[in-house]
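The structure appears right after this line, and notes come after that.
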Amino acid sequence: MKKYVQLFSFTCVAIAAIFIAGNVIKGTTAQATIVKVESLTAESSVTCSGKVERVSVRSVYPPAPASVKNVYVEVGDHVEEGETLMDILVTASASEKEVLQETYAALLSEYTQADLPLADFSSTEQEEDEQRLSAPISGQVTAVSITNQGTLEFGKPAVTIASDEGLQVRLSVNESQISDIQVGQKAEITGVGFHTCYTGTVKNISSEAKQVVSTTGQETVVEVIVSVDNPGNDIKPGYTAKAKIITAQNDNVLIAPYEAVRAEEDGTEYVLKLKGQRAVKTPVQTEGEFEGGFGVTSGIEEGDQIIINPDTISDGEHVIATQEERVTGDSDA
């Protein structure tokens, strides 16, 4: 009987020990979320907003104040280069012609995209001269400016034509981001008014900055022009658009999520790498910031598993890991 009592007592002690050990282990085991390090193509980008517009708009000016004899186009019409837009009658006295000659010459030199018919101001007599205004480019008529009296004002466009050359987006880029942008960089263009994601290319960067008022106050911006490749019917001039300009692209970059990287007091960076079921502090070197995290140049390899909540876990601590899938690579400057 004594033997059975001893055996029973030993069993109870063993069960209690296992229970206590289990609680101890459970109390010293932390929950950890891990992510698998993968080699990705990482992009750096700048995202900014602007307006969709025609690539080119040309205006046709009368050579002097004139009355309109015939009008052959209206807003919305499509015209071909050289097509007649309207016939006008130009009347000017000798004194008016002298002034018009000077003003006309100034207008020709000032407006590089103004299209004015050749005008002859050599006659000293008042006369009525019939002239024809023609389309300088192929495109859509966007404005026809005739007064209620059927006359054209000198110095103001008679007809405005938007070319068939396509669309572009005029962007405002903050001065803190403009140094990353260069002509020739590719862009992705989206907007709430159209569902297609268009591609484009940076065509021009303004040589001057300007001050604008935004929701956060006054800021300094630089205008950037991005072309729109093969625009469809859903994207229209005047729409608001957002362009993500790809400023750099690096292949085979290892990305560590921002929340996985920590730094010692001396600035040394590290991650907690999962080895077996334990967290091991591992020094790393980072280079570049991307949308999904830091680019890592040493310390981890493709396929390593790192912990993304290291502040709650100690070096060497036993962990229960939960895998988190991430797709990273883009950088948004």
Surface/4 estimate of mean projected area, convex hull on alpha-carbon atoms of the stretch 184-251, nm² = 6.3 nm²
For 287-297, 76-86, ranked highest to lowest by mean beta-carbon neighbours within 10 Å, the order is 287-297, 76-86
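Could you tell me what percent of the accessible area of the stretch 262-315 is made up of carbon and sulfur, with a 1.4 Å probe and every protein chain present? The partial results should precede the final answer.
Values: 1160 of 3090 Å².
Carbon plus sulfur share of accessible area: 38 percent.
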To the nearest 20 debye, what charge dipole does the stretch 186-288 have about its Cα centre, counting +1 at the Cβ of each Lys and Arg and -1 at the Cβ of each Asp and Glu?
-> 340 debye
Net charge of neighbours whose Cβ lies under 13 Å from the Cβ of Thr220, counting Lys and Arg as +1 and Asp and Glu as -1 = -3
Would you give the gap between the C-alpha center of the stretch 192-244 and the C-alpha center of the stretch 290-309, rounded to a whole Å?
-> 34 Å
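Just check the stretch 138-251 against the gyration tensor rule for me: Cα atoms, a ≥ b ≥ c as the square roots of the eigenvalues, rounded for a/c under 1.5, and otherwise prolate or oblate depending on whether a/b exceeds b/c.
Values: a/c = 2.35, a/b = 1.60, b/c = 1.47.
Prolate, because a/c is 1.5 or more and a/b exceeds b/c.
The values are calculated or read from the model by the stated rules, or taken from the named source; none is laboratory data. Here the structure is a predicted model, which means the values were calculated and not measured. Here the Cβ is made from the backbone with ideal geometry for all residues, glycine too, and neighbour counts use every protein chain on show. What goes into the accessible areas is simple: the full protein's heavy atoms, side chains included, and nothing from ligands, DNA or RNA. Shrake-Rupley method; radii C 1.70, N 1.55, O 1.52, S 1.80 Å.
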